[in-house]
Structures are given as C-alpha cells and as structure tokens.
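The values are calculated or read from the model by the stated rules, or taken from the named source; none is laboratory data. Quick caveat, the model's predicted, so the values are computed rather than measured. FYI the Cβ positions are ideal-geometry reconstructions off the backbone, even for glycines, and counts take in every protein chain you see. Protein only, heavy atoms only, side chains kept; ligands, DNA and RNA dropped before computing areas. Shrake-Rupley method; radii C 1.70, N 1.55, O 1.52, S 1.80 Å.
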Amino acid sequence: MADIGFIGLGNMGGPMAKNLVQAGHGVKGFDVGAAAIETARANGVEIVGSAAEAKGPVVFTMLPAGEHVRDVYLGDDGIIAAADPATLFIDSSTIDVGTCREVHAAARAAGHSMLDAPVSGGVAGADGGTLTFMVGGDQADFAKASPLFEIMGRTVVLAGGPGNGQAAKVCNNMILGISMIAVAEAFSLAEKLGLEAQSLFDISSKASGSCWAMLNHNPVPGLVETSAANRDYKPGFAAAMMHKDMKLSQAAAAQVGAATPLGAQAAALYTLFVNAGNSDVDYSGIIKMIKGE
Ligand code: NAD
C-alpha cells in the first residue's frame with residue numbers, strides 16, 4: 001500500500017500512526033519531539049527528517065493547536081508547498097474554525113485536497129482504534145479517506161464542507177462543558193438539601209435532567225463506573241483540554257456573532273479551575289471548585 005505521511009506523533013498521533021502501520025500501511029512520520037519519534041519508530045513508523053518529507057498521497061497532521069497547523073502547512077517551507085501534486089491532507093488536530101478554513105483554501109489553491117477531521121475518544125480511543133472522526137470537506141475526499149478513518153476509529157461522520165468537522169467538535173464539547181457544570185451544581189445543591197447523590201442519580205438519570213455528562217462522567221464518586229471521580233479525578237479528559245475547547249467555542253462564537261452566554265460562563269469557570277492548578281485534573285473535578293473545596 002502507498003505510504004501515508006503523518007506529522008505530529010504525540011499522545012494521539014503516535015497511537016493513530018501505529019494503528020495505520022498495524023493495518024499494513026507504510027507510514028512516513030515526523031515530529032519535533034525526541035520521545036515521540038522514538039516511540040513511533042519502535043511502532044514501525046519510518047521517521048523522516050522534516051515535515052516536508054512526510055509525503056504520500058494522503059498526509060495526516062495531529063498537532064497541538066492552530067498556530068502549529070499554520071506553521072506546518074503554510075509558508076515557503078510548509079507542507080502544502082512541498083507536497084506531491086494532488087495530495088489529500090487530513091488535519092485531525094482540534095483547532096479554530098478560522099485557521100482550519102484558511103488552510104483548506106490554501107491547500108485547494110495549490111491543487112491539493114483537504115479534510116478537517118478532529119476526533120473525540122481520547123488517548124484510549126486513539127490506542128484502541130475506536131475514535132470518533134468529525135469530518136469537514138468534500139464527499140469524494142471523504143470517501144477516499146474513509147478506509148483510513150475506519151482503521152483508527154469506530155464512528156466516522158461527514159459534517160459538511162470545509163471546517164464543519166471543527167465546528168461539530170467545538171459545538172459538541174461546548175455542550176459537554178456546560179452540562180458537566182450543570183450536573184456538578186445540581187449534585188452540590190442536592191447535598192446541601194439533604195438529598196442523597198444516589199437518589200438524585202436514580203431519579204434524574206431517568207428523568208428530564210438526564211444528560212451524557214451525568215450518565216458517563218458523573219462528577220460524584222460511586223455513581224457511574226466510567227467516571228474519573230472514582231479515581232480521584234485522574235483524567236480521563238483533562239481540564240486543560242476542556243479549557244482549550246471551551247476557549248475555541250468562544251472564539252468561534254465571537255467570529256460569527258453567535259450569542260453563547262452559558263458557553264462564556266462555563267469557559268470562565270474552567271479558566272478559574274485551570275488557573276488554580278488543576279490543568280491535569282479531570283474536567284469533572286470542577287465539582288470541587290463549585291462546592292468550594
Ligand atoms: P501532544 O502534545 O501529545 O502531541 C502533539 C505532537 O505534535 C507533539 O508530539 C509535538 O512534538 C508535535 N509537534 C508540535 N509542533 C510540531 C511541528 N511543527 N512539527 C511536527 N510535530 C510537531 O497532543 P495530543 O494529546 O496528541 O493532541 C493532539 C491534538 O488532538 C490536539 O489538537 C488536541 O486538542 C487533540 N485531541 C486530544 C485528545 C487527547 O485526549 N489527548 C482528545 C481529542 C483531541
């Protein structure tokens with residue numbers, strides 16, 4: 001099978017590239033970090049000397065933020081300029097919609113194609129090949145990339161044109177961030193009212209207050225097996241990641257003039273939580289701040 005380029009071999013990109021190798025693809029990988037390179041090499045990735053050399057008909061990027069994506073793609077020594085003709089670029093980083101659409105346009109202007117394909121599912125999902133891909137771009141490019149997404153993920157959805165994968169990711173995570181705070185407030189109020197957390201859970205989980213955060217990541221220990229609260233709020237989904245996604249939602253809202261007052265409030269609460277030294281705590285740990293602990 002033809003080589004696939006893979007730039008950004010960190011916590012997510014490393015295991016994603018490993019799964020492509022295990023499925024029989026040759027992967028030419030690049031990262032600026034020595035540890036990421038060593039792990040990827042041990043997993044069968046052919047390490048090349050620069051992002052521009054990580055070539056193939058399809059090139060994935062999995063980078064920390066928009067500024068890294070801009071650096072790697074754009075400019076005279078960027079991968080758009082260096083790529084073979086008609087390369088399909090797939091950016092799986094979580095970045096702002098504006099940068100994403102700008103890079104899409106630059107790729108198209110140079111005769112290439114591009115999909116934005118941010119993921120959810122975390123490091124465990126990347127490792128186990130069970131990620132969810134939210135994809136923005138053309139139907140034909142999506143069809144071409146789908147067999148690769150299916151190696152690395154379990155759920156793959158085309159959300160519309162360029163940038164719509166990022167839009168879906170940011171909207172989904174804004175719901176999650178807000179609803180976690182709502183659940184944390186309700187369970188804190190219940191405690192003060194003398195209502196057992198188990199009783200509220202038994203009622204609300206089957207009533208109109210139910211939501212994904214309550215059922216899967218409940219911030220009160222002992223209610224839900226999958227909850228980080230049972231492991232002293234060890235992530236899971238780190239507060240720093242939720243903070244990043246909430247800030248992206250607010251940047252997107254400002255850019256298009258959308259009113260997201262609860263999103264703004266939730267973003268401010270995660271800023272307080274992270275600034276108090278909780279970057280590496282699971283985002284559900286925000287219940288401690290709400291309870292004043
Ligand atoms: P990470 O920091 O572990 O990996 C990013 C990698 O990119 C690092 O190894 C870094 O050295 C490399 N890098 C940075 N600049 C580079 C450059 N110019 N050229 C080549 N490599 C470069 O981050 P991660 O946890 O793998 O996350 C990657 C993306 O996935 C982020 O956008 C994140 O928001 C998103 N994401 C992460 C998770 C998660 O649970 N970790 C879940 C969903 C989405």
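Around residue 48, under 15 Å between beta carbons, what's the net of Lys plus Arg minus Asp minus Glu among the other residues?
Combined, the nearby Lys, Arg, Asp and Glu give -4.
By the scheme Lys and Arg +1, Asp and Glu -1, what is the net charge of all other residues having a beta-carbon under 9 Å from that of residue 118?
Summing Lys/Arg as +1 and Asp/Glu as -1 gives -1.
Hey, what number do you get for the chain at 222 nm if only DSSP H runs of n ≥ 4 count, each worth -39500 (n - 2.57), divided across all residues, to the nearest 500?
Helix-only estimate at 222 nm: -15000 deg cm²/dmol.
If only Cα atoms are counted, what is the Rg of region 1-145, and what is its Dmax, in Å?
For region 1-145, the Cα-based Rg and Dmax read 13.7, 37 Å.
Over the heavy atoms of residue 245, what accessible area does a 1.4 Å probe trace out, to the nearest 10 Å²?
Result for residue 245: roughly 10 Å² accessible.
Using alpha carbons only, how many degrees (0 to 90, rounded to 10) separate the axis of helix 239-256 from the longest principal axis of the chain?
Its long axis makes an angle of about 80 degrees.
Could you point to the residue in 37, 177, 22 farthest towards the positive end of the chain's charge dipole, with +1 and -1 charges on the Cβ of Lys/Arg and Asp/Glu respectively?
Looking along the dipole axis, the top candidate is 177.
Counting only heavy atoms of the protein chains, get the accessible area per residue of the chain (1.4 Å probe) and round it to a whole Å² value.
Result: 45 Å² per residue.
Count charges around residue 61 for me, please; just the other residues with Cβ under 12 Å from its Cβ, Lys/Arg as +1, Asp/Glu as -1.
-3
Can you list the aspartates and glutamates whose alpha carbon is less than 16 Å from that of residue 28, not counting same-chain residues fewer than 8 positions off?
3, 38, 46, 53, 84, 91
In what order, largest first, do 211, 100 sit by accessible area if the probe radius is 1.4 Å?
Putting 211, 100 in descending order of accessible area: 211, 100.
What is the helix-to-structure angle for 164-192, meaning the angle in degrees between its Cα long axis and the longest Cα principal axis of the chain, kept from 0 to 90 and rounded to the nearest 10?
20
What residue among 192, 234, 247 has the largest mean-square fluctuation in a Gaussian network model of the chain, using Cα springs under 10 Å?
192
Above 34 angstrom, tally the Cα pairs of the chain and express them as a % of all pairs, no decimals.
Value for the chain (Cα pairs over 34 Å): 25 percent.
How big is the dipole moment of the chain about its Cα centre under a simple scheme where the beta carbon of each Lys and Arg is +1, that of each Asp and Glu is -1, and everything else is neutral? Debye, nearest 20, please.
Dipole of the chain, to the nearest 20 debye: 420 debye.
For region 64-196, count the residues as N, evaluate 2.2 N^0.38 Å, and divide the Cα radius of gyration by that value, please.
Rounded to two decimals, the normalised Rg is 1.29.
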